[in-house]
1. I need a count of the residues in the range B:109-125 that are more than 14 Å from chain A (Cβ to nearest Cβ), touching a residue at least 12 places away in the same chain (Cβ under 8 Å) and either touching a strand residue (DSSP E or B) at 6+ places or on another chain (Cβ under 9 Å) or surrounded by fewer than 18 Cβ atoms within 10 Å (Cβ to Cβ) (or both).
2. Could you figure out which of (1) more than 11 Å from chain A (Cβ to nearest Cβ); (2) closer than 21 Å to residue B:129 by Cα; (3) surrounded by 12 or more Cβ atoms within 10 Å (Cβ to Cβ) isn't true of residue B:67?
3. Is it the case that residue A:323 is out of contact with any helix residue (DSSP H, G or I) (no Cβ under 8 Å at 6 or more places or on another chain), closer than 23 Å to residue A:117 by Cα and surrounded by fewer than 22 Cβ atoms within 10 Å (Cβ to Cβ)?
4. Just one of the numbered conditions (1) closer than 23 Å to residue B:124 by Cβ; (2) without any contact (Cβ under 8 Å) to a residue 60 or more places away in the chain is not true of residue B:63; which one?
5. Given the conditions (1) farther than 27 Å from residue A:81 by Cβ; (2) part of a helix (DSSP H, G or I), and given that residue B:104 satisfies all but one, which numbered condition is not satisfied?
6. Is there a residue in the range A:150-169 that is in a helix (DSSP H, G or I), surrounded by fewer than 19 Cβ atoms within 10 Å (Cβ to Cβ), free of Cβ contacts under 8 Å to residues at least 24 places away in the same chain and within 12 Å of chain B (Cβ to nearest Cβ)?
7. What is the residue count in the range B:1-51 for residues that are at pLDDT below 90, farther than 18 Å from residue A:287 by Cβ and at the interface with chain A (Cβ under 9 Å from one of its Cβ atoms)?
8. Of all residues in the range B:70-101 being in a helix (DSSP H, G or I) and touching a helix residue (DSSP H, G or I) at 6+ places or on another chain (Cβ under 6 Å), which is surrounded by the fewest Cβ atoms within 10 Å (Cβ to Cβ)?
């Protein structure tokens, strides 16, 4: 509460931001309550642990990372990909639909193979994140846009805007390690409570205390907390390629289709006067990654309508995102719907 | 402007490490070589596959039945590997309780057990048809050369690294 009063007193524009977030506050607490009760029911159901997004698979991955000889990964990943290709039907359908938009004119049959490739990359991505966390193995990496990464490393407060692409989790740990800086990750909540707990613990362990995880359903105060962190010179990392939950959103266009993106990062950047660095961690081979940093986006504060300035920044972000997704469609792990149909857009 | 942080090729198996050393490369043990992972992984998978194929497929079946079984065995190997990992982990735990192999990482102890099973299967393949016998023989020769390389490396300072 004190933090909120302090923030409002410090900058009147926060009031506007507060309005953005408090609109959804009640809805969020309702959702949180319903989630909690749903969680209680679901935890009672033992079989939920074995659902595609259940905690069993995460725990199994950790166990396998300790036990599996490294040369068994290529073959076992192929079979695990087969397994999830058939059992994770909703994710398969979403990736298939996304590919039809990203690669217009592509054949449906070939796109099924591309979905397999995306799933296979995902298997490698999460297993290599576990290897980094548990076995403390080192990874080779190449930085594309080193100038901007150095800027980011030295920045007094910045937002890293990224996507569900490549090894986002490993990237945060690598960044914290390379620049010896703390980073706050804002993640979409996992549908399974135990999986969420496991992931948070993993990320924090992987970052050796330099990575702090927040969930974007933590309540309206999260925005103030993040604003405070930015003003204290910290780096906040947010996934900005799709909406998860009932957050403040902004309409945008990707590949000529309507999407809704979170406007939180842009509002934060505008209020805190910090740049947004588009950053992606793409897998480039066996235990090898590319850290791709694009030119920072500045959210202006002109005398015009605030929404116009934000829309301009969102437009720039969408172009960056479009380019990256088109180049690396096989590493865009968008397993929840993102593109809107014409009906949904009305 | 781009930057890279790529190291020279490193290997896990002694035979490849000694070849790297003789060529002036880095002989420290590492699990970072994708080519090595694929090569050894696929070879082990092939030996297990052929072993079970010779074991399970009778010669008096129709061709379509043989084809079906060959596909089924491909998946059977995966199902075989999952409990194998678990059984190995139990064996390693038991060895640890007896005070054995406590200083080596679990996945290396697993690797030793995997090598042992695969070598046993390769031996069994020596009694099969000439082409299968050849694959079994290649594996056995590779294992022998790897063990000899391990002995050489044990006396060489070049290959020593913390935990190697």
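1. Quick first cut of the range B:109-125, residues more than 14 Å from chain A (Cβ to nearest Cβ) only: B:119-125.
So of that shortlist, the ones also touching a residue at least 12 places away in the same chain (Cβ under 8 Å) come out as B:119, B:121-125.
From what's left, either touching a strand residue (DSSP E or B) at 6+ places or on another chain (Cβ under 9 Å) or surrounded by fewer than 18 Cβ atoms within 10 Å (Cβ to Cβ) (or both): B:119, B:123-124.
Final tally of qualifying residues: 3.
2. If we test residue B:67 against (1) more than 11 Å from chain A (Cβ to nearest Cβ); (2) closer than 21 Å to residue B:129 by Cα; (3) surrounded by 12 or more Cβ atoms within 10 Å (Cβ to Cβ), just (3) comes out false.
3. Details: out of contact with any helix residue (DSSP H, G or I) (no Cβ under 8 Å at 6 or more places or on another chain): yes; closer than 23 Å to residue A:117 by Cα: yes; surrounded by fewer than 22 Cβ atoms within 10 Å (Cβ to Cβ): yes.
Yes: the conditions hold for residue A:323.
4. With respect to (1) closer than 23 Å to residue B:124 by Cβ; (2) without any contact (Cβ under 8 Å) to a residue 60 or more places away in the chain, residue B:63 is out only on (1).
5. So residue B:104 meets the others, but not (2).
6. Yes, the range A:150-169 has at least one match.
7. 2
8. Looking at the filtered set, the residue picked out is B:78.
The values are calculated or read from the model by the stated rules, or taken from the named source; none is laboratory data. These numbers come from a predicted model, not from an experiment. In this analysis, Cβ positions are derived from the backbone assuming ideal geometry, glycine residues included, and neighbour counts consider all displayed protein chains.
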